[in-house]
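Take a look at the structure below.
The values are calculated or read from the model by the stated rules, or taken from the named source; none is laboratory data. All values reported here derive from a predicted model rather than from experimental measurement. When we count neighbours, we look across all protein chains shown, and the Cβ atoms used for this are built from the backbone with ideal geometry, even at glycine. Accessible surface areas use protein heavy atoms only, side chains included; no ligands, DNA or RNA. Shrake-Rupley method; radii C 1.70, N 1.55, O 1.52, S 1.80 Å.
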Amino acid sequence: MSDQPVPADDDRDEGKDDGAGPAETGAAPERGVPQAGIEVRGVARSFGPVHAVVDMDFDAPPGQVTALVGPNGAGKTTLLLMLASLLAPDAGSLRIDGFDPLSDRAEVRRRVGWMPDTLGVWESLTAREILVQIGRFYRLPSSAAASRAAELLDLVHLGELADQPARVLSRGQQQRLSLARALIHRPTTLLLDEPAAGLDPASRVELRRLLRSLAAEGTTILVSSHVLSELDEVADSAVFVSAGRTVKHQRVDDSSRGRRYALYALDLGAARARLAELGVVFGEEQGRRPWLSMVLGTEDDAARLLRDLVSGGVPVTAFAPASGALEEAYLQMGVERR
């Protein structure tokens, strides 16, 4: 995979790029100016006989984190590459703040920070040198590029490795460097493909905090990840895709309706009896410890049930959703894998 940025006036239909960004894109859009976010309308893209994206249609508004959820082969990365102006769609339309990634490539690249799932690096350069060079590609003055690089290295906790060759970085450290590269020009839109891959638990927490902070500043964030528990904690809404099609688009808060809950108790017999008295349908699950499962409509229903169990003398030790909201919604959809 090449680590060289694709020039803004290069009309090649490339599908491989490490997200370094285009040369000579000019200054980033002014912060504080209202943005339109991401618009995807009837987009399709094929590779010979393989229909990677068949029909995708959704909006990702500014100031929010939108999760792109689907199985392997659903077309998520292909869509992100098209939004990043690295692939041209066969049909449909795409907009980044109202600009077409195909016809307004330079303007889109000024606005987009692209973090691919795998970072390609100039192995002989240091992390600092890489960030400074990317900043220069975005026409930052040398002093501003150096200052921004130092700021981002601290932000992603790579300060101690700033002057080490990139080849010594671990997978997780490369992911953090990739995120810093995506942020170098202060983009208004972030496209993130599996950003948590390879990160340790502390780095994942920092990533969630950073994304929420950027969203609060008005950044449009579209993130694809297989770690649905991570998306539960950071996303405002989710776009579910399968076999190249948009299946569903919903708020994450709406995913909490009709969820399966897990009940652990010191005396499962007492729990069974009390649930039967309350008319709650439940099942028994086997794991390291046996537990009872039930589907409840809302969080208010769950709160009332817990109150009734405790007031009825049931020695409850744990009561919570059996899985994350997005995972629950995803599994209920029964999307096909290919």
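Taking 0.36 nm per residue of sequence separation and removing the Cα-Cα distance, the residue 150/residue 209 pair yields an extension gain of 19.3 nm.
Note on the chain: GNM, Cα springs under 10 Å; of 172, 313, 98, the largest mean-square fluctuation is that of 313.
Set the Cα radius of gyration of the chain against 2.2 N^0.38 Å, with N its number of residues, and you get 1.14.
Maximal additional length on extending the residue 125-residue 90 stretch stands at 8.9 nm, based on 0.36 nm per residue less the C-alpha distance. Who wins for biggest fluctuation among 214, 275, 140 in a Gaussian network model of the chain, springs between alpha carbons below 10 Å? Ranking 214, 275, 140 by mean-square fluctuation puts 275 first. Rounded to the nearest Hz, the phi-derived 3J(HN,Hα) couplings of the range 147-152 under the Karplus curve 6.51 cos²θ - 1.76 cosθ + 1.60 (θ = phi - 60°) are 5, 5, 4, 5, 4, 6, where x marks glycine and proline.
Given R₀ = 25 Å, what would the calculated FRET efficiency be for residue 304 paired with residue 229, taking r from the Cβ atoms and rounding to 0.05? Once the sixth-power term is evaluated, E becomes 0.45.
Placing a label point 7 Å from the Cα of residue 168 along the Cα-to-Cβ direction, the residues of the range 127-159 with a backbone N closer than 18 Å are 127-131, 153-154, 157-159. In this structure the chain gives 45 Å² per residue of accessible area when probed at 1.4 Å with all protein chains present.
If I stretch the segment between residue 72 and residue 103 completely, what's the gain in nm (0.36 nm per residue apart, minus their alpha carbon distance), one decimal?
8.2 nm
Using the empirical formula 2.2 N^0.38 Å as the baseline, the Cα radius of gyration of the range 134-237 reaches a ratio of 1.08. Here the spin labels are modelled as points 7 Å beyond Cα on the Cα-Cβ line, and at residue 160 and residue 249 they lie 4.4 nm apart. Considering helices alone, the calculated mean residue ellipticity of the chain at 222 nm is -9500 deg cm²/dmol, with DSSP H runs of length four and up weighted by -39500 (n - 2.57) and normalised per residue. Between the Cα long axis of helix 171-183 and the first principal axis of the chain there is an angle of about 60°, rounded to the nearest 10. Taking amide H atoms as placed 1.01 Å from N in the peptide plane, list the residues 5 or more away in sequence, or in a different chain, whose amide H sits under 5 Å from that of residue 68. Under 5 Å from the amide H of residue 68: 223, 224, 225, 239. Nonpolar atom fraction for the chain, defined as the carbon and sulfur part of the 1.4 Å probe accessible area, stands at 49 percent.
Binning the alpha carbon pair distances of the range 38-171 at 5 angstrom intervals from zero yields the distribution 2, 9, 15, 17, 16, 14, 13, 10, 4, 0, expressed in whole percent. Once Lys and Arg get +1 and Asp and Glu get -1 on their Cβ, which of 127, 80, 330 lies farthest toward the positive end of the dipole of the chain? After comparing all options, I get 330. To the nearest 10 degrees, how steep is helix 201-216 against the longest Cα principal axis of the chain, on a 0 to 90 scale? Once rounded, one gets 70 degrees. Note on the chain: GNM, Cα springs under 10 Å; of 227, 40, 314, the largest mean-square fluctuation is that of 314. Here's the picture: a label point sits 7 Å out from the Cα of residue 272 along the beta-carbon direction, and within the range 291-334 the residues with their amide nitrogen under 12 Å of it are 291-292.
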